[in-house]
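The values are calculated or read from the model by the stated rules, or taken from the named source; none is laboratory data. Here the structure is a predicted model, which means the values were calculated and not measured. Here the Cβ positions follow ideal geometry from the backbone for every residue, glycine too, while neighbour counts run over all protein chains shown.
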């Protein structure tokens with residue numbers, strides 16, 4: 001990836017992230033402002049690819065199979081193409097979480113272990129962490145990261161996080177983290193399950209994209225999928241909160257008292273639609289979408305996606321893809 005693809009906050013990113021093993025080289029909530037050109041049209045409030053055409057109405061919704069395949073595929077490039085941006089909001093979220101030395105913590109969607117390493121600082125060596133992720137290859141990287149950092153109090157489980165949460169004992173954890181997982185699961189699904197396993201006074205921290213972000217890739221995929229429904233094996237549904245108000249409502253409904261909620265954005269610049277496609281594939285951002293397309297149609301759909309991106313920026317010298325995100329921390333109400 002050339003320097004054109006990096007945000008402006010690489011130096012700030014390294015300072016804030018600290019010694020957590022291999023970490024990103026750029027990120028930041030104070031990166032370039034949201035591009036009015038990239039977000040000039042307000043998207044309707046709907047789930048990703050919620051089609052009305054009869055050809056797709058009988059399709060299943062993509063799920064754990066597509067997610068695990070996608071993140072296995074992106075595991076070796078995830079840190080370079082996503083974590084360098086996603087680490088910043090994650091670190092900012094961790095700053096709002098109190099220490100629970102000797103406590104029990106869970107990392108819901110532990111990925112390559114960056115958030116797990118952050119979490120280890122909150123519970124200390126006398127505490128313990130359960131790290132759950134669907135991707136076997138991402139988990140292998142996480143194990144290597146923590147071994148290099150000499151963090152030994154982590155148990156890894158390769159599993160569907162929602163199913164794992166359902167089976168854990170009630171009121172058995174002090175901290176729960178959900179970093180860049182909401183979307184694949186909804187706030188309505190995961191917050192009540194987290195509330196169930198947290199002790200009174202325990203904290204949950206989360207960071208995720210906001211609804212239909214990044215907007216341009218969402219729109220491009222919807223455009224080609226609506227034009228080529230026969231290319232789909234499954235439908236893609238991403239359930240993301242629209243902003244702080246929606247997240248606060250879901251937290252309160254699940255029995256949490258919101259402690260801090262914050263919205264932010266960063267912009268990533270590219271020189272072509274092909275670079276955008278390469279980036280979101282290697283970052284894992286397009287996992288459900290790619291593996292929901294029929295095998296024999298993937299090459300053609302990729303070409304159409306690139307063309308759709310290029311059309312949106314045909315009169316510009318640089319492509320700006322804006323990521324709007326939200327992070328927060330909430331406390332489990334005492335009984």
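Looking at 290, 270 in this structure, which one is at pLDDT 90 or above, in contact with a strand residue (DSSP E or B) (Cβ under 9 Å, 6 or more places away or on another chain) and buried (at least 20 other Cβ atoms within 10 Å of the Cβ)?
270
Given the options 282, 299, 244, name the one that is in contact (Cβ under 8 Å) with a residue 60 or more places away in the chain, over 30 Å from residue 200 (Cα atoms) and surrounded by fewer than 23 Cβ atoms within 10 Å (Cβ to Cβ).
Only one candidate qualifies: 282.
Which numbered condition trips up residue 115, out of (1) closer than 27 Å to residue 330 by Cα; (2) in contact with a strand residue (DSSP E or B) (Cβ under 6 Å, 6 or more places away or on another chain); (3) at pLDDT below 50?
If we test residue 115 against (1) closer than 27 Å to residue 330 by Cα; (2) in contact with a strand residue (DSSP E or B) (Cβ under 6 Å, 6 or more places away or on another chain); (3) at pLDDT below 50, just (3) comes out false.
I need the full set of residues from the range 129-162 which are in a helix (DSSP H, G or I) and touching a helix residue (DSSP H, G or I) at 6+ places or on another chain (Cβ under 9 Å), in order please.
136, 137, 138, 141, 142, 145, 146, 161, 162
For the range 76-99, check the following and say yes or no: at least one residue is at positive phi and in a loop (DSSP other than H, G, I, E, B).
No.
Which one of these does residue 61 not meet: (1) more than 16 Å from the chain's Cα centre (by Cα); (2) modelled with pLDDT of 95 or more; (3) on the phi < 0 side of the Ramachandran plot?
Of everything listed in (1) more than 16 Å from the chain's Cα centre (by Cα); (2) modelled with pLDDT of 95 or more; (3) on the phi < 0 side of the Ramachandran plot, residue 61 misses just condition (2).
Would you check if residue 193 is closer than 30 Å to residue 324 by Cβ and in contact with a helix residue (DSSP H, G or I) (Cβ under 9 Å, 6 or more places away or on another chain)?
yes
Which residue pairs have Cβ atoms under 6 Å apart, sit 6 or more places apart or on different chains, and have a first residue in the range 159-184 that is at positive phi and touching a residue at least 12 places away in the same chain (Cβ under 8 Å) and a second that is part of a helix (DSSP H, G or I) and crowded, with 24+ Cβ neighbours inside 10 Å?
180/86
Here are the criteria: (1) in contact with a strand residue (DSSP E or B) (Cβ under 8 Å, 6 or more places away or on another chain); (2) closer than 16 Å to residue 208 by Cβ. Tell me which single one residue 276 does not satisfy.
Every listed condition holds for residue 276 apart from (2).
Scan the range 167-184 and tell me whether some residue there is closer than 25 Å to residue 281 by Cβ, buried (at least 17 other Cβ atoms within 10 Å of the Cβ), within 21 Å of the chain's Cα centre (by Cα) and modelled with pLDDT under 95.
Within the range 167-184, one or more residues are closer than 25 Å to residue 281 by Cβ, buried (at least 17 other Cβ atoms within 10 Å of the Cβ), within 21 Å of the chain's Cα centre (by Cα) and modelled with pLDDT under 95.
Would you check which residues across the range 104-126 are surrounded by 20 or more Cβ atoms within 10 Å (Cβ to Cβ), part of a loop (DSSP other than H, G, I, E, B) and at negative phi and list them?
110, 112
Condition check: out of contact with any strand residue (DSSP E or B) (no Cβ under 7 Å at 6 or more places or on another chain) and at pLDDT 95 or above. Does residue 100 satisfy that?
Criteria not met by residue 100.
Could you list, in sequence order, the residues of the range 163-187 that are touching a helix residue (DSSP H, G or I) at 6+ places or on another chain (Cβ under 7 Å) and part of a helix (DSSP H, G or I)?
Within the range 163-187, 165, 166, 187 meet the criteria.
With 192, 200, 229 as the choices, which residue is touching a strand residue (DSSP E or B) at 6+ places or on another chain (Cβ under 8 Å) and in contact (Cβ under 8 Å) with a residue 40 or more places away in the chain?
Matching residue, one of 192, 200, 229: 200.
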